[in-house]
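Taking it in order: structure first as structure tokens, then the write-up.
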Amino acid sequence: MLGHTTIETLNRDIEQLTENIAQLEQQLAIAREERKQKEAERQAVQTFVAAGNSSLEQAENFLSLTTRADRFDLVASFWEEMDKLRERFSRQAIADLPPAPEPELIEEEPTEPAPDGDGDGDAVEVESEELTDAPDDSDAPEKVAESRQPQSVGAAVLDLDQMSKKDIERECLDTKGLSKAQVKEYGPLTRKSTWIAAYRAN
């Protein structure tokens, strides 16, 4: 048929343009509604601003008149009422805030126990009493041996500072005959200085 292809092409173009017009009209309707809302919001803001400016002018006139009349009691009362208003509306603004979201609980993955080791990897439990009796210096035996050497004829002078804590305890308990309760009067039993003080004091 003569011109059939051309007519079909034009029909498709017209349908496409019609769809485009419909979409544009829909967007135009949405834009008009948004504009209407913005205009209403602007009108409300202008009303609020006008009322606020009028209130500020009245407040300024009140403060000017009372100040010129030396009525500072009224000025102070005015500011007290303003503080009350500010506090009240501040509390209201805080109350109107949406509640804070609850924190998400993060579940911790269970940790697998460490495998039991052999040899050097074995854990060794040490009693507190054994820790107390542990020597303070690695070369304590040699120093103790030297400290037990008599310094003068007929008398043995102990160098307590060079002795281990364990040996000082033995001197206090066995040689001096002190009890732990007596030694404790000079400080904690876990400290070497406590045993030295008890030995020298007795």
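Rule-based calculations on the coordinates, nothing more; no lab input. It should be emphasised that the depicted structure is a prediction, and the values quoted were computed from it without experimental measurement. Because the Cβ atoms are built from the backbone with ideal geometry, glycine has one as well, and the counts that use them run over all protein chains shown.
Residue by residue through the stretch 61-72, what is 3J(HN,Hα) from phi via Karplus (6.51 cos²θ - 1.76 cosθ + 1.60, θ = phi - 60°)? Round to whole Hz and write x for glycine and proline.
Per-residue couplings from phi come out as 5, 4, 5, 5, 5, 5, 5, 5, 8, 6, 9, 6 Hz.
Charges on Cβ only, +1 for Lys and Arg, -1 for Asp and Glu, centred on the Cα centroid of the stretch 4-95; of Q37, A93, L74, which one is farthest towards the dipole's positive end?
L74
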